[in-house]
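The values are calculated or read from the model by the stated rules, or taken from the named source; none is laboratory data. Keep in mind that this is a model prediction, so the values were computed, not measured. Because the Cβ atoms are built from the backbone with ideal geometry, glycine has one as well, and the counts that use them run over all protein chains shown. Keep in mind that these areas ignore ligands, DNA and RNA; they rest on the heavy atoms of the full protein, side chains included. Shrake-Rupley method; radii C 1.70, N 1.55, O 1.52, S 1.80 Å.
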Amino acid sequence: MAHKQWFWQSKNAGEPVISEEGIPAHIAIIMDGNGRWAKKRALPRIAGHNEGMKTVREITRAANKLGVKVLTLYAFSTENWKRPKLEVDFLMKLPQEFLSTFLPELMEENVRVEMIGDIEQLPAHTRNAVQNAKNQTAENNGLILNFALNYGSRTELVQAMRSMITDVQSGTLSEQDITDATVSRYLMTSHLPEPDLLIRTSGEHRLSNFMLWQLAYTEFFFTDVLWPDFSEKHLLEAVASYQKRSRRFGGLS
């Protein structure tokens, strides 16, 4: 039976045809290019981050409308602490501003907020903002908006290994029973499906310590578009590209 197709209606013209079948269940995005967006306009870097938050709202709405189940956004890495203190301080204030203003719409759209990363190292106001959003949306059962905040994949893997070693030593886990599935259960994303599609903006072609285990068979989509300029149309282009691919997971089609 032929797949149903639709034209996604929005303010943008020339959008791709998207099939109702084959929508990626989990889309992960490395949001890159805020600083370059600001530099092109002779603005401070924090202006780019502020503009990038507007894009988060647009893409969350678009993903929810599209029927995506999980949207993971790489918001702040464990390496980002190396940036200038002024920029880091601003980034740590963004979750509070963003989640407080966007929360009513998240509730209306049945979106659940989650987070992966080390929350204990975040400032109190950032932790409180994230925890409040998680608490307020905990009963929602629609799109999961998952922020990777103070997240680093290598740290995640090291912590998983330590936890497995502890459980082996205590006898609650057998060394012989450790499989790929076992490792996945010890990761921060254990309750989520692995990403079907990874999008990275701004023209960079690297993973930057993001979900190294989980992305083993994920389809990648790289675009030169800077994150503040990334729109619903660009998301649909990524999904259309994804739908044209044959996912064989190491086998034959």
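Which ³J(HN,Hα) values, rounded to whole Hz and listed in residue order, are derived for the range 194-199 from phi using the Karplus coefficients 6.51, -1.76 and 1.60 in 6.51 cos²θ - 1.76 cosθ + 1.60 with θ = phi - 60°, glycine and proline given as x?
Those phi angles translate into 5, x, 8, 9, 10, 10 Hz.
Throw me the Rg/Rh for the chain, computed over C-alpha atoms with Kirkwood Rh, two decimals.
0.97
Given the DSSP H assignment, sum -39500 (n - 2.57) over each helix run of at least 4 residues in the chain and divide by its residue total; what's the result at 222 nm in deg cm²/dmol, nearest 500?
Here the helix-only value at 222 nm equals -13000 deg cm²/dmol.
Within 15 Å, Cβ to Cβ, of Arg41, how many net charges do the neighbouring residues add up to if Lys/Arg are +1 and Asp/Glu are -1?
+3
Which percent, nearest 5, of DSSP beta bridges in the chain are antiparallel?
Roughly 10 percent of the beta bridges in the chain run antiparallel, per DSSP.
Mind checking which aspartates and glutamates have their C-alpha under 19 Å from Lys93, skipping anything on the same chain fewer than 8 residues away?
Excluding near neighbours in sequence, the set is Asp32, Glu51, Glu79, Glu114, Asp118, Glu120.
Near the amide H of Ile18, under 5 Å away, which other amide H atoms are found, from residues 5 or more places off or on another chain, if H is placed in the peptide plane?
Trp6, Trp8
Summarise the long-distance tail of P(r) for the range 85-206 by giving the % of C-alpha pairs beyond 24 Å.
Tail fraction, whole percent: 44.
Please report the net charge: other residues with Cβ closer than 12 Å to the Cβ of Met92, K and R +1, D and E -1.
That works out to +1.
Give, rounded to the nearest 20 debye, the magnitude of the charge dipole that the range 53-145 has about its Cα centre when Lys and Arg contribute +1 at Cβ and Asp and Glu contribute -1 at Cβ.
160 debye
Suppose every K and R has +1 on its Cβ and every D and E has -1 on its Cβ; what is the size of the dipole of the chain about the Cα centre, in Debye to the nearest 20?
Its charge dipole is roughly 720 debye.
Cα-Cα pairs above 17 Å in the range 203-253: how many percent?
50 percent
Would you tell me the accessible area of Arg45, worked out with a 1.4 angstrom probe on the heavy atoms of the protein chains, in Å² to the nearest 10?
About 100 Å², rounded to the nearest 10.
Taking a cut-off of 25 Å between Cα atoms, list the lysines near Lys244, but don't count ones fewer than 8 places away on the same chain.
Correct list for Lys244: Lys4, Lys11, Lys65, Lys69, Lys233.
Looking at the range 164-238, which GluC sites (Glu not before Pro) are DSSP coil and have at most 14 other C-beta atoms within 10 Å of their C-beta?
Glu204
Size of the range 25-101 along its principal axes in angstrom, Cα-based, largest extent first?
37, 27, 23
List the GluC sites (Glu not before Pro) in the range 67-104 that DSSP assigns to loop (not H, G, I, E or B) and whose Cβ has at most 16 other Cβ atoms within 10 Å. Which are they?
Passing sites in the range 67-104 are Glu79.
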